[in-house]
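Below: the structure, in structure tokens.
Since every read-out is calculated from the coordinates, none of them should be taken as a lab result. All values derive from a computational prediction rather than experimental measurement. No Cβ is skipped: glycine too gets one built from the backbone with ideal geometry, and neighbour counts run over all protein chains shown.
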Amino acid sequence: MAAVDELSFTVGHGEILGVGGPNGAGKTTLFDVISGLTPASGGTITFDGQDLTGKSADRVCHAGISRTFQLNAAYDTLTVKENVLCASYYGFRNVVFPKFRFDRATRTRADEAIAFVGLEDDTETVVGELPILQRKLLMLAAAVARQPRLLLLDEPVGGLNRQEIDLVMGILRRFRDEQALTIVLIEHVMRFLVALSDRALIMHHGQKIYEGPADGLARDKTVVEVYLGERLAQRLRLGIEEAEAGD
Amino acid sequence: MNGAGFIRMTPIRRDIAIGLFFLAIAIAIPFIDSSRSTMTQVILLFIWASIVTQWNLVFGVAGIFSLAQMAVFTMGGYTAAMLSLYMGWSLWLTSFLGAFMAVLVSGIIGAATIRLRGAYVALLTIGFAVVMQVLILTDSDCFFYRGVTCYNFTGGSSGLSQFGDFGFRDWLGYKQSLVGKYYLALFLLVLGTIFALVIMRGPFGYAFRALRDNANCASSQGINRVKYQILVFALSGFFTGLSGAFYAGHYKTIGPTMLDLSVLLLLLSMMVVGGLGRAWGPLLGCIILMFIDDQLKVYAEWRTVGTGAITILFIIVFRQGVAGLIEQLWERLLALRGARTAGASATNDKATG
């Protein structure tokens, strides 16, 4: 059985696509395949005219795609600053043979990324000691320090509380607006997904069951049935109406 | 806070200060006590420290549990010895060829372990060392004759000898030759330490540590695991191989006993006691274990028990090693000072560095 099966979709430049679906739907596997960690058994991946099918993770990264991980992956024994420096240095372009020091451009990119997510006070903290929100922010900083054109975010607000979710949402909106980034995000927090995404894609058993406007999710029968449930769908519908009324 | 900040901010300056401190002591030793026993002990310390410093790059910094370091060392030593013996080349030249051979072999071991993780790396690499030792020990075919005596290609169980040395006796005379070798060993250790420090503190070291901490995350951030794993093995091979060649030239012999498990475990203990992955851990560990070993000499059979017990103590209680303990104490001390002078400028703390 394939975790992701015959799934096909496109993301436009500057767009935010939200990917949802029940646990085990194959969302993270989809990211693993795109980012080169798991080889695809078939199909093609095209990014900005380049064929990325079968490319290794580091080459996908150098093509301009950054990703974050569901399990808050970072270098736990290094400090926040060192983490972002690493990403900025090795991710920006392919380093054939490392120099003896991080160059100025690398440092500038790292400092800007840290400032962008607001982690200036934690630069010297060892990452293993960071609380969850700061770890999420660190992953974002590392992901943008290398100035990608496409950002793949795997549950960027999983495990965060309401205020923290709003904080991350604000940062991501600024990312898109200021850096002309394209973002694909996986999220279970529907409020976040719907509010941020231009379009949504819902997966189930490795296949696509919905693709369309994010605010149409709660009205789609299949999505409500296999994923959202009637109560959440109703709340979402209300929430959207509130948001629209607010505008 | 200021003090702790200072410690983290300028590791390079701190390395230079610590390095000069050790170097001054090392340079002074022959002037204080140039007895044969002291010289040979400290030379051996330098050789062990040279190996452990490079091994620490693979084992500590990159976190790859390779046990092939003595095999790489032996490869360097044997290559130099055999080339000098069979080709008649100067040991100075063949030492470098031995070092390059060690780089090659170490790189190949790195490539062979790419698909393995953790304990399996240890198994494969220890297997490599065992096979190498067995091949040398079972080598009984006659490769050449000196008079009527038959010699094997690898020297077999008795090892290789009569391949010459570094010529210190001709330059400095018998009495001073040991001092000459002492400073050569020290020079090798200094170069090897600078080499390791530059790698550890620069982007190279961060790539290795990134892969150690989280390989998937590192690959997704542009660090190619295959490339950097082979690189760290190859880099750590150079000074290890050079130390092997120096060992051969210093003792004028090299044999398969260098591949004994006891030697490997002694060096592993040195790394653990000193502090895995720490810049000054290998050197501290070597000094401490050599000192303890020396103190326990009179109790004969308790020697290995003593070093074993200390290693266990460090694995269980002080995982960060002596270097880590000193760093913690130092930071706490400076934090206390910083708290007392609350808000005083950071420049004051520099005086204590």
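From most to least packed by mean Cβ count within 10 Å, the peptides B:67-77, B:95-105 give B:67-77, B:95-105. Counting Cβ atoms of other protein chains within 10 Å of each residue's Cβ and taking the mean over peptide B:207-215 gives 5.
Extending 7 Å from the Cα toward the beta-carbon at both B:Leu336 and A:Leu232 defines two label points whose distance is 5.5 nm. Take the alpha carbon gyration tensor of the range B:34-258, find the square roots of its eigenvalues, order them as a ≥ b ≥ c, and report rounded if a/c is under 1.5; if not, report prolate when a/b exceeds b/c, else oblate. Oblate.
Put simply, the amide H of A:Met203, placed in the peptide plane, has neighbours under 5 Å in A:Gly20, A:Gly21, A:Ile209, leaving out anything fewer than 5 places away on its chain. Could you give the angle, 0 to 90 degrees to the nearest 10, between helix A:162-179's Cα long axis and the longest principal axis of the Cα atoms of chain A? With rounding to tens, the tilt is 70 degrees. Across peptide A:85-98, the mean count of Cβ atoms from other chains lying within 10 Å of each residue's own Cβ comes to 5. As an exercise, use a Förster radius of 45 Å and the Cβ-Cβ distance of A:Glu178 and B:Ile194 to find the FRET efficiency, rounded to the nearest 0.05. Plugging the Cβ-Cβ distance into 1/(1 + (r/R0)^6) gives 0.55.
Cα centroid separation, the range B:215-240 to the range A:74-141: 19 Å.
Going by how many other Cβ atoms sit within 10 Å of their own, how do B:Trp171, B:Trp89 line up, fewest first?
So the ranking, lowest neighbour count to highest, is B:Trp171, B:Trp89.
For the peptides A:26-36, A:207-217, residues were scored by their other Cβ atoms within 10 Å and the scores averaged per peptide; the highest-first order is A:26-36, A:207-217. Have a look at A:Arg237, A:Arg174, A:Arg101 and tell me which one the Gaussian network model of chain A (Cα, springs below 10 Å) gives the largest fluctuation. Comparing A:Arg237, A:Arg174, A:Arg101 in the GNM, the peak value goes to A:Arg101. Span-like helix criteria (full DSSP H runs; alpha carbon extent of at least 24 Å along the helix axis; mean Kyte-Doolittle hydropathy of at least 1.6) are satisfied in chain B by B:11-32, B:91-112, B:119-137.
GNM, chain B, Cα, under 10 Å: largest mean-square fluctuation among B:Gly285, B:Gly308, B:Gly321? So, out of B:Gly285, B:Gly308, B:Gly321, the one fluctuating most is B:Gly308. Once the Cα atoms are used to define both axes, helix A:104-117 deviates from the longest principal axis of chain A by about 40 degrees. Could you work out how far helix A:80-92 tilts from the main Cα principal axis of chain A, as a 0 to 90 degree angle to the nearest 10? Helix A:80-92 sits roughly 90 degrees off the main axis of chain A.
Going down the table (B:Lys252/B:Lys297; A:Lys55/A:Lys99; B:Lys227/B:Lys252; A:Lys136/A:Lys221; A:Lys81/B:Lys227; A:Lys81/A:Lys208), which pairs top 29 Å between alpha carbons? Result: B:Lys227/B:Lys252; A:Lys136/A:Lys221; A:Lys81/A:Lys208 exceed 29 Å. Here the Karplus relation 6.51 cos²θ - 1.76 cosθ + 1.60, evaluated at θ = phi - 60°, turns the backbone of the range A:46-55 into coupling constants of 10, 10, 6, x, 8, 8, 9, 4, x, 6 Hz, with x for every Gly and Pro.
In the protein assembly as shown, the DSSP beta bridges split such that about 45 percent are antiparallel, to the nearest 5. Placing a label point 7 Å from the Cα of B:Ile16 along the Cα-to-Cβ direction, the residues of the range B:202-226 with a backbone N closer than 20 Å are B:202-203. When both the range B:10-75 and the range B:123-181 are represented by their alpha-carbon centers, they are found 23 Å apart.
Net charge around A:Gln163, counting only other residues with Cβ within less than 14 Å of its Cβ (Lys, Arg = +1; Asp, Glu = -1)? Write down the numbers at each step before the final one.
On the way: positive: A:Lys136, A:Arg162, A:Arg191; negative: A:Glu164, A:Asp166.
That works out to +1.
How well do other chains shield peptide A:55-66, expressed as the mean number of their Cβ atoms within 10 Å of each residue Cβ? Could the numbers behind the result be given before it?
Working: counts 0, 4, 11, 11, 3, 3, 7, 2, 0, 0, 1, 3.
Mean partner-chain Cβ count within 10 Å for A:55-66: 4.
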